[in-house]
């Protein structure tokens, strides 16, 4: 099996972890992240409301990344910046794939996009849960939190995870999922909410998984869950919303 190499890349608001097979693919990922950021920054300079809107952005005309963010926001009924981390991660993985990477995993602020020919173990902070992701052509695990994140959330989830192919959309839907978790929710309310949310969006995603206090709820085809309690089973990457 190909050896995984892990890299860290920080630039302005971007705090990324990149898992791949060589320095060459890491450099491609970094170039793609910077390219995506540049596109977003140029668009915001022309359309400042794009940065602060909590609603889908109308009359959205930009490049590939902006278009992905706007489409995701419209489906999830959130502002376009709710999808920014996933959109950037997805764009970087696409560029790595185009250049022949067999292992291309980018975690950006608690949102992961991946293309992998091997199993990847994704930890879910602040819990001891991890998700075992089978080899995938393209897959995303995106997370929002109302308790441990500096990103805007109107809910009370410790972690609200969305699994699917489109990273920008999974990111936007993770925000929407987290927004709907009320402070008053107990076990039954959380379960009902998870089932209703998944029923509404299941044509776009594979599964959802929510942690609130001592309760959890899920719907759809959640990847295999593994408990990680020691260094011998430490995850390859973890999702921890920033």
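The values are calculated or read from the model by the stated rules, or taken from the named source; none is laboratory data. Keep in mind that this is a model prediction, so the values were computed, not measured. Here Cβ is always computed from backbone atoms with ideal geometry, including for glycine, and neighbour counts include all displayed protein chains.
Quick notes on this structure:
- Check on residue 139, free of Cβ contacts under 8 Å to residues at least 40 places away in the same chain and surrounded by 22 or more Cβ atoms within 10 Å (Cβ to Cβ): yes
- There is no residue in the stretch 144-156 that is under 21 Å from residue 16 (Cβ atoms), crowded, with 24+ Cβ neighbours inside 10 Å, in contact with a helix residue (DSSP H, G or I) (Cβ under 9 Å, 6 or more places away or on another chain) and at pLDDT 95 or above.
- In the set 195, 189, only one residue is modelled with pLDDT of 95 or more, out of contact with any strand residue (DSSP E or B) (no Cβ under 6 Å at 6 or more places or on another chain) and either farther than 25 Å from residue 70 by Cβ or part of a helix (DSSP H, G or I) (or both); that residue is 189.
- Residues that are more than 27 Å from residue 178 (Cα to Cα) and surrounded by fewer than 17 Cβ atoms within 10 Å (Cβ to Cβ) occur at least once in the stretch 59-74.
- Any chance residue 212 is touching a residue at least 40 places away in the same chain (Cβ under 8 Å), more than 24 Å from residue 134 (Cβ to Cβ) and either surrounded by fewer than 20 Cβ atoms within 10 Å (Cβ to Cβ) or more than 17 Å from the chain's Cα centre (by Cα) (or both): yes
- Test: residue in the stretch 163-181 that is in a strand (DSSP E or B), surrounded by 22 or more Cβ atoms within 10 Å (Cβ to Cβ) and over 15 Å from the mean Cα position of the chain (by Cα): no
- Output for the stretch 64-101, where each listed residue is closer than 24 Å to residue 198 by Cα and not in a helix (DSSP H, G or I): 77, 78, 79
- The set of residues from the stretch 7-49 being in contact with a strand residue (DSSP E or B) (Cβ under 7 Å, 6 or more places away or on another chain), part of a strand (DSSP E or B) and surrounded by 13 or more Cβ atoms within 10 Å (Cβ to Cβ) comprises 7, 9, 14, 16, 17, 18, 19, 20.
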